[in-house]
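Engineer: To start, I am sharing the structure in question, which I have written as structure tokens.
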Amino acid sequence: MNDLPVEIPGLDRIRVRFLSLLEERQIQIAQSALAALESDTAAGQCLNLEVAQAVLHQISGTAGSLGYAELGQAARECEGAIINYIKSTQNRHLDLPSSILEDLDAFLSKSQALLAQAK
């Protein structure tokens, strides 16, 4: 999963911090997805998905530069799916596609694997 061919001085400390934050961000994503799924309004659903999308954006922006290109790509794909869904619903209905939840689950599995590998 580590795609950087050359180690930049000090990058290891940044990578450790990223991995530490990744644990917290996994929880935020999972909680937001669950809250979206349990929401009884389209607006509430979208609001919770926007929280997950923002966290995924943070991860995707950093992961690739730290050598975790696969994780960054997975985060970008989830982020894009959420953005497209929110744009398409315009807060009118509650049809949360199972594909978004499956993508988020796959992303969380990849991040768990990365964290396990780093320990």
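Engineer: Give me the percent of the accessible area of the chain that comes from carbon and sulfur atoms, probe 1.4 Å, all protein chains in place.
Structural biologist: Carbon and sulfur: 54 percent of the exposed surface of the chain.
Engineer: Calculate for the chain the 222 nm mean residue ellipticity that helices alone would give, adding -39,500 (n - 2.57) per DSSP H run of length 4 or more and normalising by residue count, nearest 500 deg cm²/dmol.
Structural biologist: When only DSSP H runs of four or more count, the value is -27000 deg cm²/dmol.
Engineer: Here's a follow-up. Cα axis of helix 42-63 to longest principal axis of the chain: angle in degrees, 0 to 90, nearest 10?
Structural biologist: Helix 42-63 and the main axis of the chain meet at about 10 degrees.
Engineer: May I pose another question? Note down the magnitude of the dipole of the chain about its Cα centre, charges +1 on Lys and Arg C-beta and -1 on Asp and Glu C-beta and zero elsewhere, to the nearest 20 debye.
Structural biologist: In total the dipole reaches around 300 debye.
The values are calculated or read from the model by the stated rules, or taken from the named source; none is laboratory data. Please read these numbers as outputs of a predicted model, since none were measured by experiment. Methodologically, a virtual Cβ is constructed for each residue, glycine included, from the backbone with ideal geometry; neighbour enumeration extends over all protein chains shown. Areas reflect the complete protein model, heavy atoms only, side chains present, ligands, DNA and RNA absent. Shrake-Rupley method; radii C 1.70, N 1.55, O 1.52, S 1.80 Å.
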